[in-house]
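What follows is a single structure, written as structure tokens, with notes after it.
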Amino acid sequence: MSLSHILVPYDGSEHSQKALEKAIGLGTELKAQIEVLYVDSTSTEILQQPLVIPTHELESYFDHEEEDVRLNLRQLISTIPNAQATVIQGSAGKSIVKYADSIEADLIIMGSRGLGTVSEFVMGSVSHYVTQRAKSPVMIVK
């Protein structure tokens, strides 16, 4: 099995930072492409709640937040050889599994805990979801 494409779900937490560091080390050694994925689940969670906020204000807020995330990710990967970053919206676990399949990731390296929400705590962790459902091998970093 060749490891040429490594996916790193990243949320800015200490554990996701450690996962990224592990991916950088392994990716450099193997000359693999590193894909840093940020899943924005905020809009998904907020839109499931009753709201009294005008839609245009919400859209403006989400657009601004997404641009901030993209800027931070660009800075984060600027020194990593063979790296790119992607931002998607949706439920974290499902989105990571679907994205890993779509890019045919050879390995997913992710933190054991993230900046999860209460709903993730109640329903189970994202890392557990991904290890149970991903077609790719998954490395969990503590």
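The values are calculated or read from the model by the stated rules, or taken from the named source; none is laboratory data. All figures in this text were calculated on a predicted structure; none of them were measured in a lab. Cβ atoms come from the backbone with ideal geometry, glycine included; neighbour counts cover every protein chain shown.
Return only the number of the condition from (1) within 11 Å of the chain's Cα centre (by Cα); (2) in a helix (DSSP H, G or I) that residue 8 does not satisfy.
(2)
Run down 58, 76 and say which single residue is modelled with pLDDT under 55, over 13 Å from residue 89 (Cα atoms) and part of a helix (DSSP H, G or I). Let's see the steps before the verdict.
Values: 76 fails: modelled with pLDDT under 55.
Answer to the selection: 58.
Only residues in region 1-30 that are on the phi < 0 side of the Ramachandran plot count as the first member; pair them with residues that are assigned to a strand (DSSP E or B) and of a type in the set (S, T, N, Q), Cβ under 8 angstrom, at least 6 apart or cross-chain, and list the lot.
As it stands, the answer is 4/33; 5/33; 6/33; 27/33, since those pairs meet every condition given.
Which of the numbered conditions does residue 52 fail, given that it passes all the others? Conditions: (1) over 22 Å from residue 134 (Cα atoms); (2) modelled with pLDDT of 95 or more.
So residue 52 meets the others, but not (2).
Tally the residues that are assigned to a helix (DSSP H, G or I) and under 15 Å from the mean Cα position of the chain (by Cα), restricting the search to region 23-42.
Here is the first cut: in region 23-42, the ones assigned to a helix (DSSP H, G or I) are 23-30, 42.
Add one more test, that the residue is under 15 Å from the mean Cα position of the chain (by Cα), and what stays is 23, 42.
The qualifying residues number 2.
Looking at region 77-98, I want the residues that are within 24 Å of residue 31 (Cα to Cα) and have a partner that is surrounded by 14 or more Cβ atoms within 10 Å (Cβ to Cβ) and of a type in the set (Gly, Ala, Ser) with Cβ atoms under 6 Å, at least 6 apart or on another chain. Which pairs are those?
As it stands, the answer is 77/83; 77/85; 97/134, since those pairs meet every condition given.
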